[in-house]
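Peer 1: Once you've had a glance at the structure underneath, I'll fire off some questions.
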Amino acid sequence: MDYNYDQNRLSNPSGGGYYSGPSESALTSQVNAVMRKVYVRMFIGLVVSAFCALGVASSPAVMGFFFGNKIVFWGMLIAMFAMAWILPSRFQRMSQGAVLGCFIGFSALMGAWLAPIFFVYRLGTIVYTLFITAGTFGAMSVYGYFTKTDLSKMGAYLTMALFGLIILMIVNIFAKSSTIEWIVSIVGVLLFVGLTAWDTQQVRRIAQSNFDPTLTDKLATIGAMNLYLDFINLFIFLLRIFGGSRD
């Protein structure tokens with residue numbers, strides 16, 4: 001999201017011209033407060049997904065409900081796409097509770113969607129990959145937060161590459177090529193490593209803007225969802241690379 005917002009030339013509500021914006025210490029406190037909200041909410045989303053994935057995988061009846069019924073299966077998929085579109089585009093019209101609730105609901109559906117990985121991969125591989133994902137994500141998020149380099153241009157290229165990756169994945173549904181699948185996994189890891197750094201920088205820049213508290217709270221949830229998706233996708237592509245299937 002691009003906000004044309006000049007912090008240093010804000011109109012003084014009392015009509016006295018302009019003021020120079022918040023002090024450096026106040027700005028730092030504001031950024032830290034928003035970033036804490038972002039990472040806490042992202043962590044909550046991941047925990048919700050983990051519990052939902054384990055809960056669905058542990059019950060044959062629930063697995064059959066979600067994956068044995070085409071209407072429920074496609075309904076779940078459409079609901080996730082709808083939430084992923086509604087939150088970034090409509091959050092300003094929604095209440096704080098609705099935005100957060102939508103994110104939690106999305107995390108729950110994503111967890112249910114990921115439940116089959118427990119039948120495809122060994123538990124040790126899943127845990128091992130989860131730690132690698134956490135380390136990689138953490139390193140790139142720290143880089144995105146502290147780097148002075150403007151990652152906007154890189155973000156634009158990565159977004160275009162993401163659409164190309166999605167097209168390649170759709171093609172491989174029909175081609176069923178192991179070579180294409182391997183290429184998709186490698187490219188997917190590199191793509192979401194870069195997106196993690198870019199999204200972190202975007203969240204930090206938004207946090208630096210002097211928004212009203214209500215809007216800032218909503219944006220913290222949107223930022224959490226973006227980083228949550230980076231983490232989940234990075235985990236999935238790394239899991240496909242490390243393999244270790246049960247067969």
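Peer 1: Summarise the accessible area of the chain (1.4 Å probe, protein heavy atoms) by the percent that is carbon and sulfur.
Peer 2: Answer for the chain is 67 percent, counting heavy atoms of protein chains only.
Peer 1: Also, I was wondering about something else. Kindly identify segment 100-227 as rounded, prolate or oblate by the Cα gyration tensor criterion: order the square roots of the eigenvalues as a ≥ b ≥ c, call it rounded if a/c is under 1.5, otherwise compare a/b with b/c, prolate if a/b is larger, else oblate.
Peer 2: Judged from the Cα gyration tensor, segment 100-227 comes out prolate (a/c at least 1.5, a/b above b/c).
Peer 1: Please calculate the 1.4 Å probe accessible area of PHE66, with all protein chains present, and give it to the nearest 10 Å².
Peer 2: We get 40 Å² for PHE66.
Peer 1: Sort 107-119, 133-145 for me by packing, meaning the mean count of neighbouring Cβ atoms within 10 Å per residue, highest on top.
Peer 2: Top of the packing list down: 107-119, 133-145.
Peer 1: Taking Cα atoms, how many degrees apart are the long axis of helix 24-57 and the longest axis of the chain, rounded to 10 and kept between 0 and 90?
Peer 2: 20
Peer 1: Right, next: Please list LEU168, LEU227 from largest to smallest accessible area, probe radius 1.4 Å, with all protein chains kept in place.
Peer 2: From most accessible down to least: LEU168, LEU227.
Peer 1: From the P(r) of segment 166-247, could you give the percentage of C-alpha pairs in the tail past 15 Å?
Peer 2: 65
Peer 1: Measuring with a 1.4 Å probe in the full set of protein chains, what accessible area per residue, in whole Å², belongs to segment 20-98?
Peer 2: Here the residues of segment 20-98 average 62 Å² of exposed surface.
Peer 1: List the residues, sorted by chain then number, that are 5 or more residues from TYR121 or on another chain and whose placed amide H is less than 5 Å from its amide H.
Peer 2: ARG246
Peer 1: On to the next question. With +1 on each Lys and Arg Cβ and -1 on each Asp and Glu Cβ, and nothing else charged, work out how big the dipole of the chain is about its Cα centre, in Debye to the nearest 20.
Peer 2: Computed about the Cα centre, the dipole is about 240 debye.
Peer 1: If ligands, DNA and RNA are left out, what is the accessible area of LYS37 with a 1.4 Å probe, given in Å² to the nearest 10?
Peer 2: We get 80 Å² for LYS37.
Peer 1: Going down the table (LYS70/LYS218; LYS176/LYS218; LYS37/LYS148; LYS37/LYS176), which pairs top 32 Å between alpha carbons?
Peer 2: Cα-Cα > 32 Å for LYS70/LYS218; LYS176/LYS218; LYS37/LYS176; rest within.
Peer 1: Okay, next question. Could you sort SER95, SER49 by accessible area so the largest value comes first, with the probe set to 1.4 Å?
Peer 2: Ranking SER95, SER49 by accessible area, largest first, yields SER95, SER49.
Peer 1: Separate question: Wrap a convex hull around the Cα atoms of the chain, take a quarter of its surface area, and give that in square nanometres.
Peer 2: 15.2
The values are calculated or read from the model by the stated rules, or taken from the named source; none is laboratory data. The model shown is predicted, which means the values in this text are computed figures rather than measured ones. A quick note on method: Cβ atoms are made from the backbone with ideal geometry, for glycine too, and the neighbour counts reach across all protein chains shown. Heavy atoms of the whole protein, side chains included, go into the accessibility calculation; ligands, DNA and RNA do not. Shrake-Rupley method; radii C 1.70, N 1.55, O 1.52, S 1.80 Å.
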